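What follows draws every value from the coordinates through simple rules; no lab data is involved. Given the structure is predicted, the values throughout are model-derived calculations rather than measurements. We place every Cβ from the backbone using ideal geometry, glycine too, and count neighbours over all the protein chains shown.
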Amino acid sequence: MPTCHTAAPTPARKGLFLSIEGIDGAGKSSHLATIAQALEAAGHTVVLTREPGGTPLAEKIRALLLHEGMDARCEALLAFAARRQHLLETIVPALEQGHTVVSDRFTDATFAYQGAGRGVDWVALEWLEQWVQTTPAADSPHFQSPDCTLWFDLPPAIAAERLQKARTPDRFEAQTLAFFTNVAAGYARRAQQAPERFCRIDAHQPIAQVATQVRQCLAQRGYLSGPTTPPVYA
Ligand code: TYD
């Protein structure tokens, strides 16, 4: 069974925002299409996107992050720079139209990889998160964060085994087991800080059982009953 809460109150916006997270090799990419299809079948208009990336500029930043050596704070700043553009150009406009945004990674990845993995100060990242994810609105600024995060959790040693069989690794995939152990701990810390947002998927299972957990999580949250119109708070 996935560890998942029922739907948490959502800020006043029309669309639904989901993010998919996990260490490299956890298998999240295999399930992205399934997630999108399940939501579409339930009546959602799904915008599938990714981080780093999701806009032409952010995709250029992605290429830098994945292939150029750089300082850890520089990595964190570039991840947030790409995120700002992604939010303003892609995510927020889609949410305003009532679409469902599914992002392959979002801010938890920066806390896990740059924070826990590379040792960038957690509090600095929290500050950047607030600054970057606050977007202008006619009435008052909104803090933009996923309504739900599906976290594919897998022991790092198993993920490493899976990655060895995969294609040529990028800068992150080529990291050591110790690095991924820290990254996994970073995800666990984020999940502990926001249990109502996280849905933990036990990814150390055959693919069909992982897919069942994903469906259960989406159903438990009420997302498979159709697009939700979040409550509007006075
Ligand atoms: P990934 O999402 O695994 O894409 P693919 O499946 O195409 O390889 O690759 C993105 C990599 O970027 C991943 O190793 C994690 C890393 N990353 C960060 O280090 N910080 C971030 O903020 C984000 C969003 C990703």
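Placing unit charges on the Cβ atoms of the charged side chains and taking the dipole of segment 26-146 about its Cα centre, the candidate lying farthest along the positive direction among 37, 47, 67 is 67. Around the amide H of residue 22, modelled in the peptide plane, lie the amide H atoms of 152, all under 5 Å away and 5 or more residues distant in sequence or on another chain. Within the chain, the cysteines lacking any other cysteine Cβ closer than 4.7 Å to their own Cβ are 74, 148.
If the only charges are +1 at each Lys and Arg Cβ and -1 at each Asp and Glu Cβ, what is the size of the charge dipole of segment 34-115 around the Cα centre, to the nearest 20 debye? For this selection, approximately 80 debye. Applying 1/(1 + (r/R0)^6) with r as the Cβ-Cβ distance of residue 57 and residue 124 and R0 = 22 angstrom yields a FRET efficiency of 0.40. Using the Karplus relation 6.51 cos²θ - 1.76 cosθ + 1.60 with θ = phi - 60°, the per-residue 3J(HN,Hα) values for segment 175-180 come to 6, 7, 4, 4, 4, 5 Hz, with x marking Gly and Pro. To the nearest 0.05, how large is the calculated FRET efficiency for residue 205 and residue 40 if R₀ is 35 Å and r is the Cβ-Cβ distance? The formula returns an efficiency of 0.90 here. Listed by chain and number, the lysines placed with their C-alpha closer than 18 angstrom to that of residue 165 are 28; residues fewer than eight positions away on the same chain are left out.
Phi angles of segment 68-78 translate, via the Karplus equation with coefficients 6.51, -1.76, 1.60 and θ = phi - 60°, into HN-Hα couplings of 10, x, 6, 5, 4, 5, 4, 4, 4, 5, 5 Hz per residue; Gly and Pro are given as x. Using 0.36 nm per residue and subtracting the Cα-Cα separation, the extra length available between residue 14 and residue 81 on full extension is 21.6 nm. Measuring nothing but how far apart in sequence close Cα pairs (under 8 Å, 6+ apart) lie, relative to its length, the chain scores a relative contact order of 39 percent.
Between the beta carbons of residue 134 and residue 161, assuming R0 = 45 Å, the FRET efficiency works out to 0.65 to the nearest 0.05. Think of segment 13-233 as having a plus end and a minus end, set by charges on the Cβ of Lys, Arg, Asp and Glu; of 142, 155, 76, 155 sits farthest toward the positive end of this dipole. Here the Karplus relation 6.51 cos²θ - 1.76 cosθ + 1.60, evaluated at θ = phi - 60°, turns the backbone of segment 221-227 into coupling constants of 7, x, 6, 8, 8, x, x Hz, with x for every Gly and Pro.
What does the charge dipole of the chain about its Cα centre add up to, to the nearest 20 debye, if the Cβ of each Lys and Arg holds +1 and the Cβ of each Asp and Glu holds -1?
Numbers: 21 positive and 23 negative charges, 54 e Å.
It comes to approximately 260 debye.
Of the two radii for the chain, the radius of gyration is 0.94 times the Kirkwood radius, both from the alpha carbons; that is the Rg over Rh value. Distances between placed amide hydrogens fall under 5 Å for residue 148 paired with 17, 19, all partners being 5 or more residues away or on another chain.
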